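For reference, the structure is listed below as structure tokens.
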Amino acid sequence: MPETPSYVPGHGLLAGKVVVVTAAAGTGIGFATARRAVEEGATVVVSDWHERRLGEAAEQLGVQGIACDVTVQDQVDNLIDSVVDMHGRIDVLVNNAGLGGTADLVDMTDEQWLRVLDVTLNGTFRCTRAALRQMRTQGSGVIVNNSSVIAWRAQQGQAHYAAAKAGVNALTRTAGVEAAQYGVRVNAVSPSIAMHPFLAKVTTDELLAELSAKEAFGRPAEPWEVANVIVFLASDYSSYMTGEVVSVSSQHP
């Protein structure tokens with residue numbers, strides 16, 4: 001199977017733009033996206049609910065960090081308002097916050113179901129709504145949501161996550177249509193599997209191997225490979241795209 005490609009250097013695709021990335025602490029797609037945005041010339045603000053990890057991520061990236069739990073509307077509003085106060089606008093919002101878990105539907109509790117939906121779908125809604133209000137005033141802006149192929153590809157134990165991500169896709173399409181009149185674009189990426197240490201902690205080696213084997217390249221994506229597609233959707237290179245969900249995957253049903 002082909003080896004993982006070399007890291008792609010920045011080309012100034014987001015030069016001069018103010019970019020906000022939620023759930024950017026840690027080692028996953030959010031952090032990789034924030035790093036790519038910095039490398040592409042953006043002024044970046046990162047958020048996360050875990051303040052210590054957020055501080056570490058912000059320091060490592062050399063950017064501003066603002067604590068935000070996407071399940072709390074006041075914190076979401078504070079995130080958007082603070083960025084506008086600091087920089088005068090928001091050009092790009094990347095909704096990366098999401099929560100998974102594994103439980104068969106027959107054994108799933110209301111708490112498990114509602115928690116995943118609240119972070120993954122409702123959190124994306126809250127942040128999108130807050131950002132759209134600012135972007136409508138500006139007359140410009142881009143929102144990129146992080147979805148998942150699980151939204152349409154069944155996987156045992158993932159009913160709550162699949163329902164949430166399917167909701168993110170529907171939200172993306174509708175928001176894209178509604179926001180077009182304001183000069184704002186809304187799109188989503190839908191990764192299959194992106195390997196990072198946190199995923200390895202919450203998933204069995206057997207399942208990771210099984211999912212990786214189904215990919216055409218025989219390996220999971222690197223988080224930065226997904227981040228590259230997010231950067232494309234955030235940039236002016238995708239100026240005619242809105243309401244689209246772009247699969248970042250090498251497996252086709």
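Readers should treat all values here as calculations from the given coordinates under stated rules, not as data from a laboratory. Please read all numbers here as calculations on a predicted model, not as lab measurements.
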For the chain, what does -39500 (n - 2.57) per DSSP helix run (n ≥ 4), summed and divided by total residues, give at 222 nm, in deg cm²/dmol to the nearest 500? -13500 deg cm²/dmol
With an 8 Å cut-off on Cα pairs and a minimum separation of 6 or more residues, tell me the relative contact order of the chain in percent. 20 percent
Given H placed on each backbone N at 1.01 Å, which residues far from Leu93 in sequence or on other chains put an amide H within less than 5 Å of it? Val20, Val142, Ile143, Val144
Normalised by the number of residues in the range 117-195, what is the relative contact order in percent for Cα pairs under 8 Å and 6+ residues apart? 41 percent
